[in-house]
Amino acid sequence: MRPAPVAGVTMLLTVVCAAPATADPLPDALASVDAACDATRAALVNSGGVVVDGDRSVILAGDRFAVSGPGFNRVAVAGEGTYGRLSDDGLRSKDRKAALRYIRARATWWLNPGVFWSPAMGWSASFEESAGASVLLPQACGQELATAVAVERSAGRWIFTLPDRGPVVVTEDAEGRLTQFGSVSVSFGPQTVSVPTGAIGFATWQKASQAASLNATMKRTSRAVASAVNAAGATVAGIDAATRAAVPTDRVVPLRVRQLRRGVLIYGRNPYTKTYHAWRVYLKAGKAVARRVAP
């Protein structure tokens, strides 16, 4: 004789077996956004368009593109190189005027020939890579949204809810290209980018601008080192280590560091005027102090 089935157990098994599995929509959504992101970059580089994020923008026009933002402008031209505006290099007006006097120029732009610049890559030998990297989209669009706790889709519009940012809206056009990614908007079509005229060579400008701003650079570096060392507890060894870490080693007009008994000396010489410049960072009454030594 078979034992009688237990009604409660039979019902439970029936419910469990009948419940459908719920798929996680996020992986498919991220894959779709990644594909749209790649298609967007390709379309912008090949056919042109405009990308805007707040006060930053990129205009792509086939064999050239322009990147602009507050105090920042670059124009890259295939087969030529990258143009930059002199007034965006962070120099004080008097230092910029002095640099132009050194090289007897009246230019407002420099040209770095044969290389191309982008915010994501820095300098590159490839125009196409730099143009694609200049687009104001994450390098990995899907990864940017991977922490989403919820995702909804309606036609070509996605809403990703991120725990740290709230909802992020992503839209695609009929060709699978992004037209919006959060605060970034994208439009497609032929554009025009003007090429600066009368630009001076980047290497020439780099040397002149570094020479003209030599004292200002030493002042800024010395004071930053003193402040950082004091925040951590000032020591002579700490001053030396912090200074060597703060002074770039790849400058055209070099800054040099010499260890002193109570600190360091930062020094260099203007190659145009031959003026010697020096600042000292030293320990005084238990605190790091920055003082100009010369001229």
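Just so it is clear, none of the values below were taken in a lab; they were calculated from the coordinates. All values derive from a computational prediction rather than experimental measurement. Glycine also receives a Cβ, built like all others from the backbone with ideal geometry; neighbour counts cover every protein chain displayed.
Would you list, by chain and number, the lysines whose Cα falls below 28 Å from the Cα of Lys94, excluding same-chain residues fewer than 8 positions away?
Lys207, Lys219, Lys274
In degrees between 0 and 90, to the nearest 10, how far off the longest principal axis of the chain does helix 7-18 point, with axes built from Cα atoms?
50
How large is the dipole of the chain about the Cα centre if only Lys and Arg carry +1 and Asp and Glu carry -1, each at its Cβ, rounded to the nearest 20 debye?
Taking the Cα centre of the chain as origin, the dipole is about 3140 debye.
Give or take rounding to whole Å, what are the principal axis extents of the alpha carbon atoms in the range 26-188, in descending order?
61, 32, 21
Calculated from the structure, Kirkwood radius over Cα pairs in Å equals which of [x] 23.7; [y] 20.8; [z] 19.6?
Computing Kirkwood radius over Cα pairs in Å and matching it to [x] 23.7; [y] 20.8; [z] 19.6 gives [x].
Antiparallel versus total DSSP beta bridges in the chain: what percent is that, nearest 5?
95
Obtain the nm distance between the two label points defined at Thr249 and Arg262 by a simple spin-label model: each point lies 7 Å from its Cα along the Cα-to-C-beta direction.
3.0
Counting each pair of different Cα atoms once, what's the Kirkwood radius of the range 94-185 in Å, rounded to one decimal?
The answer is 16.7 Å.
Assuming a ≥ b ≥ c are the square roots of the Cα gyration tensor eigenvalues, decide whether the range 166-295 counts as rounded (a/c under 1.5), prolate (otherwise, with a/b larger than b/c) or oblate.
Since a/c reaches 1.5 but b/c is at least a/b, the shape of the range 166-295 is classed as oblate.
So which trypsin sites (Lys or Arg not before Pro) in the range 238-293 end up in coil per DSSP with only 12 or fewer other C-beta atoms within 10 Å?
Passing both the DSSP loop test and the Cβ count: Arg261, Lys274.
Summing -39500 (n - 2.57) over the DSSP H runs of n ≥ 4 in the chain and dividing by its residue number, what mean residue ellipticity at 222 nm do you reach, to the nearest 500 deg cm²/dmol?
-10000 deg cm²/dmol
Enter the Cα centre distance for the pair the range 117-143 and the range 97-111, rounded to the nearest angstrom.
29
From Cα pairs below 8 angstrom and at least 6 apart in sequence, can you work out the relative contact order of the range 153-231, rounded to a whole percent?
13
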